[in-house]
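The values are calculated or read from the model by the stated rules, or taken from the named source; none is laboratory data. Worth saying up front: this structure is predicted, and the values here are computed from it rather than measured. Here the Cβ positions follow ideal geometry from the backbone for every residue, glycine too, while neighbour counts run over all protein chains shown.
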Amino acid sequence: MTTNTLSSSIEWLDRLVAFDTTSRLSNLALIDDVQNYLRELGIPTRLTRNDEGSKANLWATIGPEDRGGVVLSGHTDVVPVDGQEWSRDPFKMHRENGKLYARGTCDMKGFCAIALALAPEMQRRRLKTPIHFAFSYDEEVGCIGVRRLIKDVVDNLPLPRAVVVGEPTMMKIIGGNKGGRAFRTTVRGVPGHSSEPHRGANSIMATGRIITFIEDLQQELADNADPDSPFDPPYTTFDLGVIEGGTAHNIIPEYTHLNWGYRGLPDEVPDVLENRVRAFIAETVEPKLKAVAPHAGVTTVLRNTTPPLMPDVESAAEQLIRHLTGLNESSTVSFGTEAGLFQQAGIPGVIFGPGSIQQAHQPDEFIEVSQMAECVAFIEKLMDWAETGA
Ligand SMILES: [Zn+2]
């Protein structure tokens, strides 16, 4: 590795983090910048957009276009900084003590920056196996954008042989991750003056019963966990992240909303938990509400489902990374990634990238320069391999 490629990777990171691509915002300014850069290098790109046209995924191919190659996949969106205590401007990279600070440095613009910095060198080489870039939108809100990119690739291009999803893993191979479902439950009660609770139906109290049921279910899963599971924790976990309800202490609240979901082990049937929660609501919570007024009740909408990445040490993706790095083991993570969607489409994947998930989504997020360097060295090995066409 030349110090040049590392410093141009850091320059690219500086350039990428300056775009505020929080998931609720457009990522088009970043995509335009990247597309122009690749175009000037003579690298063909294609975009897939969301319905509103406000966000895009970018796909690029370096090397022959008549065959599938190895995909370097990263998401361009980042989680919000709202309510977090940052010591400095989160959208301006700051370097200190071997660390690069800004929102998105480890999750996961660092990986994208390295791919971009090495693009000119990839283009100069005569790759026999192509290297593709897949930069997506809306990963942080449920791996939404990449689904369109994958569909476009599967429908129109030679199927890639492997994908490296560069989420922060400290450059260790992650061969599996949990899948998940996300729901929004709306409880409708019957409003009234709080001095007359017997005439109304309190939606917050009804929601409290649902929460307690979820908590009990969580405990049951923990109690029955398989200690040999490679996952930490070794059981399916519930998310319960948002609750909204009520307007004043003296009004019986009519509506309460709850955002919840779970992250399941790959071998678990995801319907089972959903059905148990729905059955509890239908049998225990709803009848009490409906007894007060028939229009009261509970609706639960599935907002998102993300497949797990099934561990497969024999997969082309894992075998390639083992071969290139000399690493001879892989593990699993509990956070969701785009890798399961690629796998579902017939493109085997691993999660393998610079930085630590410990810093992801945190205030003062950073990536270590040494991690960037390790990843540069890896991509250089990948280039060598792609050049020989192994
Ligand atoms: Zn990420």
Open item on the list: When you scan the range 163-182, do you find a residue that is over 21 Å from the mean Cα position of the chain (by Cα) and either assigned by TED's automatic domain parsing to the domain that holds GLN358 or at pLDDT 95 or above (or both), even just one?
Closed with: no
- [ ] Residues being in contact with a Lys or Arg (Cβ under 9 Å, 6 or more places away or on another chain) and polar (S, T, N, Q): count how many of those fall in the range 323-350.
- [x] 6
Open item on the list: If VAL141 meets every condition in (1) surrounded by fewer than 20 Cβ atoms within 10 Å (Cβ to Cβ); (2) within 12 Å of the ligand (Cβ to nearest atom); (3) closer than 17 Å to ILE321 by Cβ apart from one, which number is that one?
Closed with: (3)
TODO: Return a yes/no flag: does the range 216-234 have any residue that is at pLDDT 95 or above, charged (D, E, K, R) and farther than 21 Å from VAL272 by Cα.
DONE: no
Task: Filtered residue count, the range 81-133, keeping only those that are within 13 Å of ILE10 (Cβ to Cβ) and hydroxyl-bearing (Ser, Thr, Tyr) - done: 2
TODO: Inspect the range 214-221 for any residue being β-branched (Val, Ile, Thr), away from the ligand (no atom under 16 Å from the Cβ) and in contact with a Pro (Cβ under 7 Å, 6 or more places away or on another chain) and give the result as yes or no.
DONE: no
Task: Enumeration of residues in the range 26-51 that are of a type outside the set (Gly, Ala, Ser), under 19 Å from GLN123 (Cα atoms) and in a loop (DSSP other than H, G, I, E, B) - done: LEU41, ILE43, PRO44
Task: So GLY74, is it more than 16 Å from the ligand (Cβ to nearest atom), under 20 Å from VAL164 (Cβ atoms) and in the same structural domain as MET372 (by TED's automatic domain parsing) - done: no
Task: Filter pass, PHE342 being farther than 22 Å from ASP239 by Cβ, buried (at least 16 other Cβ atoms within 10 Å of the Cβ) and within 14 Å of the ligand (Cβ to nearest atom) - done: no
Task: Subset of the range 48-66 (residues that are crowded, with 16+ Cβ neighbours inside 10 Å and either in contact with a strand residue (DSSP E or B) (Cβ under 7 Å, 6 or more places away or on another chain) or charged (D, E, K, R) (or both)) - done: THR48, LYS55, ALA56, ASN57, LEU58, TRP59, ALA60, THR61, ILE62, GLY63
- [ ] Mind listing whichever residues of the range 150-180 are crowded, with 19+ Cβ neighbours inside 10 Å, farther than 22 Å from SER356 by Cβ and in contact with an Asp or Glu (Cβ under 9 Å, 6 or more places away or on another chain)?
- [x] ILE150, ALA162, GLY179
Open item on the list: Given the criteria of a type outside the set (Phe, Trp, Tyr), under 30 Å from VAL277 (Cβ atoms), within 16 Å of the ligand (Cβ to nearest atom) and crowded, with 16+ Cβ neighbours inside 10 Å, does VAL146 qualify?
Closed with: yes
Task: THR186 vs. criteria of a type in the set (Val, Ile, Thr) and either in a helix (DSSP H, G or I) or away from the ligand (no atom under 16 Å from the Cβ) (or both) - done: yes
- [ ] Check GLY261, GLY208, GLY245 and return the single one that is under 20 Å from the mean Cα position of the chain (by Cα), surrounded by 13 or more Cβ atoms within 10 Å (Cβ to Cβ) and modelled with pLDDT of 95 or more.
- [x] GLY261
Task: Hits in the range 361-376 - residues which are in contact with a helix residue (DSSP H, G or I) (Cβ under 9 Å, 6 or more places away or on another chain) and either surrounded by 20 or more Cβ atoms within 10 Å (Cβ to Cβ) or over 18 Å from PRO80 (Cβ atoms) (or both) - done: GLU365, PHE366, ILE367, GLU368, VAL369, GLN371, MET372, ALA373, CYS375, VAL376
Task: Filter pass, MET170 being within 16 Å of the ligand (Cβ to nearest atom) and over 27 Å from LEU47 (Cα atoms) - done: yes
- [ ] Return the total of residues in the range 9-25 being closer than 14 Å to PRO120 by Cβ and buried (at least 20 other Cβ atoms within 10 Å of the Cβ).
- [x] 2
Task: Qualifying positions in the range 81-113 - within 16 Å of the ligand (Cβ to nearest atom) and exposed (fewer than 15 other Cβ atoms within 10 Å of the Cβ) - done: none
Open item on the list: I'd like to know if the range 360-371 contains one or more residues that are modelled with pLDDT of 95 or more, of a type in the set (A, V, I, L, M, F, W, C), within 14 Å of the ligand (Cβ to nearest atom) and within 17 Å of LEU309 (Cα to Cα).
Closed with: no
- [ ] Check ILE131 against each of (1) among the β-branched types (Val, Ile, Thr); (2) closer than 28 Å to ASP20 by Cα; (3) within 14 Å of the ligand (Cβ to nearest atom) and name the one condition it does not meet.
- [x] (3)
